[in-house]
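J.: I'd like to ask you about the structure that follows.
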Amino acid sequence: MTTEDPDPVAAAALAEPVERVGRGWTTALSLANGAIWVGWYGPLQILLASQAEDFAPGSGMSKETMLAWVTGAGAVVSLVANPLFGALSDRTTARWGRRTPWIVAGAAGGALSLLLLAGAGGVWTMAAGWCLVQLTLNAAFAAVTAAVPDRVPRLQRGSVGGWLGAAQILGVVGGTGLATVAGGTGAGYAACAVFTLVGVLPYVLRYEDLRLPPSARPTWSRRSFLASFWLSPRRHPDLAWAWLTRFLINLSNALVLLYLLYYLRDRLHYDDPENGVLILTAVNGVTLLATVVVGGVWSDRVGRRKPFVIWSGVLMAVATAALSGWQTWPGAIVAAAVLGVGFGVFTSVDFALMTDVLPKALDRGKDLGVINIANALPQVAAPALAAPIVTYLGGYRVLYLVAAVIGLAGAMLVGRIRGVD
């Protein structure tokens, strides 16, 4: 390919998509997305907590504090990795396209990192392994996310976002299931690693990526590259409000999930807390799957986004408050079900809303990476908030009440977005 006469596929890389994508493309991309979430949530739901419980005795830290430090360190890496790899994929001119090389490299690196984490012998190797998992899988995730505004027209993004959200929760359930039934921590990590790598293959092998012509790639400047990561709230207020909405609702959700294993064991005294986490995750997944695609399709058809985000956020806040006031096993099941209904609608419609407020086609990957900080930053903030609340400031009752207030604030702030119906 020459820069003077780029082929049509290359020329389409920066165009606003108008042709609807097919079911096969959506299914393959959703599978890749779900595979990445398996690599994240098998460790987050079960394996890291189990390792923290093993390594905490004699370390001078409680298992809660150790888990908070490890997940927080990984989230810091994620904060940097997602926008960085998104920006690098924006500027990639490889023959395989802008996004595919990063999906392959990220998934392969993530699988290897999970295997390294399986062999961790203490808190420091555990933290290093989890940071590598976050680094590599965020490279793949940034590219998968950017493929949607690259290829999907605006009025199809709610439904595609719904299928990606369905794959996300299936990845959470699948990762939790693999970690639970594999037969030990090492086997759990190995199972998640294999699924993460194999799950991206149908998309990268079957579907050709859009290629960026070298003539369209910006001239390299370290100063301008670094400056591009700042998206001014003054210049892009809708993007800023959308980012804050996502951050607050994800922070509320992260506070619910972080100590779920310990909540079942130490507060509810559930006989088999690991299996309890799997049951609650499955209940949440079933109700989420029942609404995530329907919510996205409905939003596409009516051409509106904000009402769906507002009411889903309110519903999630109510369910989180129930965990504070109804601390029983049946209460946990009901809360998990209602949270799934709300988060299903939020996941698909919020994703479509985010792609609707992106400033420039050339920077889709980078801008979505900056937006995805609103997914990763709660993983840093949640341990910092949750550990002192659980230990010193009232325990799980206060923790879940605080989470409910934070989620409700996020739902209300979406009304400040002016450029989206």
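The values are calculated or read from the model by the stated rules, or taken from the named source; none is laboratory data. This structure is a prediction, so every number in the text was calculated from the model and none was measured. Every residue, glycine as well, gets a Cβ built from its backbone with ideal geometry; the counts of neighbours run over all protein chains shown. Note: accessible area is taken over every heavy atom of the protein model, side chains too, but ligands, DNA and RNA are not part of it. Shrake-Rupley method; radii C 1.70, N 1.55, O 1.52, S 1.80 Å.
J.: Given a 1.4 angstrom probe, what's the average accessible area per residue across the chain, in square angstrom?
T.: On the way: 16890 Å² over 421 residues.
For the chain, the per-residue accessible area is 40 Å².
J.: Something else now. Please compute, over every Cα-Cα pair in region 17-108, the percentage with a separation greater than 15 angstrom.
T.: On the way: 3053 of 4186 pairs.
Summing the P(r) tail past 15 Å for region 17-108 gives 73 percent.
J.: Give the share of C-alpha pairs in each 5 angstrom bin for region 254-295, from 0 to the last occupied bin, in whole percents, shortest bins first.
T.: Per 5 Å bin, starting at 0, the Cα pair percentages come out as 6, 22, 24, 20, 14, 8, 5, 1.
J.: Compute the convex hull volume of the Cα atoms of region 60-174, divide it by the residue count, and report the result per residue in Å³ as a whole number. Provide the component values of the computation, followed by the final result.
T.: Values: hull volume 13.7 nm³, N = 115.
Expressed per residue, the convex hull around the Cα atoms of region 60-174 is 119 Å³.
J.: Which helices, counted as full DSSP H runs in the chain, have an axial Cα extent of no less than 20 Å and a Kyte-Doolittle average of -0.5 or above?
T.: Working: long enough: 23-42 (27 Å, 0.29); 63-90 (40 Å, 0.88); 100-118 (27 Å, 1.66); 123-151 (42 Å, 1.00); 157-181 (35 Å, 0.95); 185-199 (21 Å, 1.39); 237-258 (31 Å, 1.07); 273-302 (42 Å, 1.05); 306-325 (29 Å, 1.35); 329-356 (40 Å, 1.40); 364-392 (43 Å, 0.69); 395-413 (28 Å, 1.74).
Result, helices passing both filters: 23-42, 63-90, 100-118, 123-151, 157-181, 185-199, 237-258, 273-302, 306-325, 329-356, 364-392, 395-413.
J.: Give me the mean projected area, in nm² to one decimal, of the convex hull enclosing the Cα positions of region 160-286.
T.: Values: hull surface 50.9 nm².
Mean shadow area of the hull around the Cα atoms is 12.7 nm².
J.: When only DSSP loop residues count, what trypsin sites (Lys or Arg not before Pro) in region 189-238 have their Cβ near at most 11 other Cβ atoms within 10 Å?
T.: Values: sites: Arg206, Arg211, Arg222, Arg223, Arg234, Arg235; in loops: Arg211, Arg234, Arg235.
When the trypsin sites (Lys or Arg not before Pro) of region 189-238 are filtered for loop state and at most 11 Cβ neighbours within 10 Å, Arg234, Arg235 remain.
J.: Going by a ≥ b ≥ c, the root eigenvalues of the Cα gyration tensor, does region 229-313 fall in the rounded group (a/c under 1.5), the prolate group (a/b larger than b/c) or the oblate group?
T.: Numbers: a/c = 3.90, a/b = 1.67, b/c = 2.34.
Oblate, because a/c is 1.5 or more while a/b does not exceed b/c.
J.: Order Val293, Val414, Val302, Val18, most accessible first, counting only protein heavy atoms with a 1.4 angstrom probe.
T.: Numbers: Val293 25, Val414 0, Val302 75, Val18 130 Å².
Output order, biggest surface exposure first: Val18, Val302, Val293, Val414.
J.: On a 1.4 Å probe surface of the protein chains, which of Met66, Met61 comes out largest in accessible area, and what is the full order?
T.: Working: Met66 0, Met61 60 Å².
Largest to smallest exposure gives the sequence Met61, Met66.
J.: Let me ask something additional. Sorted by accessible area with a 1.4 angstrom probe, largest first, how do His236, His269 fall?
T.: Details: His236 50, His269 125 Å².
Order by accessible area, largest first: His269, His236.
J.: Give, rounded to the nearest 20 debye, the magnitude of the charge dipole that the chain has about its Cα centre when Lys and Arg contribute +1 at Cβ and Asp and Glu contribute -1 at Cβ.
T.: Numbers: 30 positive and 23 negative charges, 207 e Å.
Its charge dipole is roughly 1000 debye.
J.: A further question on this structure: Can you tell me, using C-alpha contacts under 8 Å and at least 6 residues apart, the relative contact order of the chain as a whole percent? Each step should come with its number before you reach the end.
T.: On the way: 798 pairs, mean separation 113.1, N = 421.
Here the relative contact order equals 27 percent.
J.: Could I ask something else about it? Mean residue ellipticity at 222 nm from the helices of the chain, using -39,500 (n - 2.57) per DSSP H segment of n ≥ 4 over the full residue count, to the nearest 500 deg cm²/dmol? The partial results should precede the final answer.
T.: On the way: 16 runs with 308 residues, N = 421.
That calculation yields -25000 deg cm²/dmol at 222 nm.
J.: Roll a 1.4 angstrom probe over the protein heavy atoms and tell me the percent of accessible area of the chain that is carbon or sulfur.
T.: Values: 11110 of 16890 Å².
That fraction is 66 percent.
J.: Over region 103-217, what is the relative contact order in percent, taking alpha-carbon pairs closer than 8 angstrom and at least six residues apart?
T.: Numbers: 94 pairs, mean separation 41.7, N = 115.
This gives 36 percent for region 103-217.
J.: Using Stokes-Einstein with the Kirkwood hydrodynamic radius over Cα pairs, what translational diffusion coefficient do you get for region 263-392 at 25 °C and a viscosity of 0.890 mPa s, in µm²/s rounded to a whole number?
T.: Details: Rh = 16.5 Å.
The calculation lands on 148 µm²/s.
J.: Which longest uninterrupted range of the chain lacks any chymotrypsin sites (Phe, Trp or Tyr not before Pro) assigned by DSSP to a loop state (not H, G, I, E or B) and surrounded by at most 15 other Cβ atoms within 10 Å?
T.: Details: sites that count: Trp96, Trp220, Trp230, Trp326.
That gives 97-219 as the longest site-free run.
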